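Asks: Sharing a structure here in structure tokens format.
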Amino acid sequence: MVKTPPVATATEPSDSLPITEQQQSPSNVSSTKASRSTWQSTLKHLQTEITLEHADIPIIACCLVSGLCDSSAYNAWSCFVSMQTGNTIFLALGASGQPITHPYGWAKSLISIFFFLCGCFFFAQTRLVNPKSRGTLATSFFLQGGCIIVAAALVQTHVVPAPLGVDVIGGDDIDFMELLPLAFLAFQSGGQIVTSRLLGFNEVPTTVLTSVYCDLASDPNVLAADNVKRNRRVAAVLSILIGGIVGGWISRSPATLSTNFWIAAAIKIGIAISWSVWKPKAAIQL
């Protein structure tokens, strides 16, 4: 007769280790909730759309940056990084080998135009992610400031040689390393004009003044006491003019070329910080 082995009952001890549930202490739970709440509030803060009240001030400050960068780039490398009309003419002159003192000037202008277009295309994609939010605007201007910082570092560390002022006929003294800062500076210039368009300040293109002069001269209310668009246009003209004057004097001083770019970068970073804490758009009350 075969005996069956005894079946273990619930009262017998088990060989497996007991499973214990780890419970978080109240302090850990509260800290987790606090960090999650902080992250959510920060994200909500950055996703908030800004008010356009006084938002033209940072855009006008971009005109000052254009004056600094364009005066420096033209004085050093005989091309522009913001005003692409002038670069287009320089490119056209290159077809006939002119000017003879700058035989490769057309190449610099072509690089500037190309990277300006790349910058416009790149920063225009912000329209897909709430272009008027604090986070989008701040990120855009941090990137623009970063481009200027790279250009300033290239010049200050002499990766790009000091400009000679006038190139020798025949182009023996041309150094194509000069194209590196031009590319970064032109790329960020595309970002600021895109921002002025996205925010609706079309009267302040930030990079060119031809249309601004036309609009000022043809404005029937140019002498009116209350004319916001006229005020913005005048401020844009003065900002580019002042930026150009300051850039010229700094370039002549012992501070040298890179100082202009560091100042321009500081302005862009300052604008980025201001966007991150800008006053929110007023809620629509129904």
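Asks: Could you compute the FRET efficiency for residue 283 and residue 202, with r as their C-beta to C-beta distance and R0 at 30 Å, rounded to 0.05?
Replies: FRET efficiency, residue 283 to residue 202: 0.70.
Asks: I've got another one for you. Count the net charge of all other residues whose Cβ sits under 14 Å from the Cβ of residue 230, scoring Lys and Arg as +1 and Asp and Glu as -1.
Replies: Numbers: positive: 229, 232, 233; negative: 56, 203, 215, 219, 226.
Taking every Cβ under 14 Å from that of residue 230, the sum is -2.
Asks: I want to verify the translational diffusion coefficient of the range 76-276 in µm²/s; compute it with Stokes-Einstein, Rh as the Kirkwood radius over Cα pairs, at 10 °C and 1.306 mPa s. Display every interim value, and only then the final one.
Replies: Numbers: Rh = 18.1 Å.
Once the numbers are plugged in, D ends up at 88 µm²/s.
Asks: Residues in the range 63-86 near a label at residue 176, defined as backbone nitrogen under 20 Å from the 7 Å Cα→Cβ point?
Replies: Within reach of a label on residue 176, which here means backbone N under 20 Å from a point 7 Å along Cα→Cβ, the range 63-86 contributes 77-80.
Bear in mind that the values in this text are calculations on the coordinates, not laboratory data. Model, not experiment: these values are computed from the prediction. Here Cβ is always computed from backbone atoms with ideal geometry, including for glycine, and neighbour counts include all displayed protein chains.
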